[in-house]
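S.K.: Have a look at this one.
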Amino acid sequence: TECEKEPGSLLWIFVMVGNIVRGMGETPIMPLGISYLEDFAKAENSPFYLACLHTATVIGPFLGLLLASFCAELFVDIGSVGAEEITITATDARWVGAWWLGILICALLNLLVGIPFWFLPKSLVKEGETNEPEETSEKRIAPLQENDKNETKQTMYDFIPFLKALFHNPVYMLFICITVLQFSAFDGMISFMPKYLEQQFGKSASDAIFLIGVYNLPVLCVGYFSGGLFMKKFKINNYQAANIAFWVSLLEYLLYFAAYWTVCDTSPVAGLTVSYQ
C-alpha cells in the first residue's frame with residue numbers, strides 16, 4: 001500500500017518573512033551606526049565608541065540566549081495545554097520548548113527601542129567643536145539639501161565602479177575572507193555545541209543554551225571593551241592595530257588547537273557503540 005502523505009503546515013513562511021523583515025531592519029545599524037560615530041566623534045575617541053557599539057551587539061545575544069533558555073523550559077503549547085497533561089520532561093528528546101515566545105518578546109522590545117530613533121537629529125556638531133549660530137546654520141540648509149540630491153545621483157552612477165574597486169583591493173578582500181572564517185566558526189559553535197552538550201553530558205536544551213551564553217559571550221564583551229579602551233588609551237594607529245590583531249588571533253588559534261587533545265569518552269548509544277542486548 002502506498003503511504004498517505006500527511007498535510008504540511010505553511011506557517012514556516014511567516015517565520016521566514018519575519019526573519020527577512022527583521023534582517024532588513026537590523027542590517028543598517030552597523031554600517032550607519034559606525035559612520036555616525038566616525039562623522040561626529042573625535043579620532044582618538046572613535047575606537048572606544050566603536051568598542052562600546054560592538055559590546056552592545058554581544059550583550060544582546062547574551063540576553064537573548066538567557067531568554068531562550070527560559071523559554072525552552074516551557075512547553076511549546078503553553079497556555080493551551082495544562083501542566084498535568086504533559087507527561088515528558090525538558091530532558092526528553094520529544095520535548096519542544098516555547099520557541100515562539102521569545103520571538104514575540106523580542107519583537108515588542110525592538111518596537112519600543114526603535115521609537116527613540118525617530119527623535120535623533122539629522123546632524124550633530126562634531127565632538128569638541130562649538131555650536132554654530134542659528135542664522136548661519138539656517139543659511140546652509142538649502143545648499144546642503146541641494147548637495148545631498150546631487151551626491152545621491154552621483155552615488156548611483158559610481159556604485160558599480162566603486163564596488164569593482166573594492167573587489168580588487170587585496171586588503172579589503174583579505175579582511176572579508178577572515179571575517180567569513182571567523183563567523184563561520186562562531187556560527188558552527190552556536191549551532192552544534194548545544195546539541196553536543198545535550199548528548200555528551202545529558203543536559204537539557206535549556207541548560208545547554210544557558211551554558212553557551214554564560215561561557216562565551218561575556219568574554220567577547222570584555223574583549224571588545226578592553227580593546228577599544230586600549231586603543232583610546234595608547235592612541236593605536238591602523239598599522240599597530242593590524243599587528244595586534246594578527247598576534248592575538250594567532251594566539252587564539254593556537255589555543256583552539258589545544259582542544260584537539262581534550263577528548264571525552266563517547267556516550268553509549270544502542271545500535272551504534274553498544275549492542276541492543
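The values are calculated or read from the model by the stated rules, or taken from the named source; none is laboratory data. Just so it is clear, the structure is predicted and the values come from calculations on it, not from any experiment. Note that we place each Cβ from the backbone using ideal geometry, even for glycine, and neighbour counts take in every protein chain shown. Ligands, DNA and RNA are excluded from the accessible area calculation, which covers all protein heavy atoms including side chains. Shrake-Rupley method; radii C 1.70, N 1.55, O 1.52, S 1.80 Å.
S.K.: Given R₀ = 45 Å, FRET efficiency for Lys233-Thr89 by Cβ-Cβ distance, to 0.05? Don't skip to the answer; put the middle values down first.
M.R.: Values: r = 51 Å, r/R0 = 1.13.
Step by step, r from the Cβ atoms, then E = 0.30.
S.K.: OK, next. For the stretch 71-113, what does the accessible surface come to per residue with a 1.4 Å probe? Please give it in Å².
M.R.: Values: 3070 Å² over 43 residues.
Per residue, the stretch 71-113 has an accessible area of 71 Å².
S.K.: Rounded to the nearest 0.05, what FRET efficiency is calculated for Ile13 and Gln199 with R0 set to 25 Å and r the Cβ-Cβ distance?
M.R.: 0.20
S.K.: With a Förster radius of 45 Å, plug the Cβ-Cβ distance of Leu74 and Leu251 into 1/(1 + (r/R0)^6) and report the FRET value to the nearest 0.05. Before the final figure, lay out the partial values.
M.R.: Working: r = 41 Å, r/R0 = 0.91.
The pair Leu74/Leu251 has a calculated efficiency of 0.65.
S.K.: Let a ≥ b ≥ c be the square roots of the eigenvalues of the Cα gyration tensor of the stretch 63-108; is it rounded (a/c under 1.5), or, if not, prolate (a/b larger than b/c) or oblate?
M.R.: oblate
S.K.: For the pair Leu112 and Asn243, how long in nm is the line joining their label points, each one 7 Å along Cα→Cβ?
M.R.: Result for the modelled spin labels: 4.8 nm.
S.K.: Can you compute the modelled spin-label distance between Thr57 and Thr262, with each label point 7 Å from Cα toward Cβ, in nm?
M.R.: With each label placed 7 Å out from Cα toward Cβ, I get 2.6 nm.
S.K.: Please give the residues of the stretch 56-85, grouped as numeric ranges, whose backbone N is less than 19 Å from a label point set 7 Å along the Cα-to-Cβ vector of Ile105.
M.R.: What the label zone holds, given the 19 Å backbone N cut-off, is 57-81.
S.K.: If you take every residue apart from Leu197 with its C-beta less than 10 Å away from the C-beta of Leu197, what net charge results, scoring Lys and Arg +1 and Asp and Glu -1?
M.R.: Taking every other residue near Leu197 into account, the sum is 0.
S.K.: Please say if the stretch 178-236 is rounded, prolate or oblate, where rounded means a/c under 1.5 for a ≥ b ≥ c the square roots of the C-alpha gyration tensor eigenvalues, and otherwise the choice is prolate for a/b larger than b/c and oblate otherwise? Each step should come with its number before you reach the end.
M.R.: Working: a/c = 5.32, a/b = 2.14, b/c = 2.49.
Verdict is oblate for the stretch 178-236.
S.K.: Related question: Please compute the net charge surrounding Trp95, taking Lys and Arg as +1 and Asp and Glu as -1 over other residues with Cβ under 13 Å from its Cβ.
M.R.: Value of the local net charge: -3.
S.K.: Can you check what the net charge comes to around Ala208, using other residues whose Cβ is under 9 Å from the Cβ of Ala208 (Lys, Arg +1; Asp, Glu -1)?
M.R.: Working: positive: Lys195, Lys203; negative: Glu198, Asp207.
Taking every Cβ under 9 Å from that of Ala208, the sum is 0.
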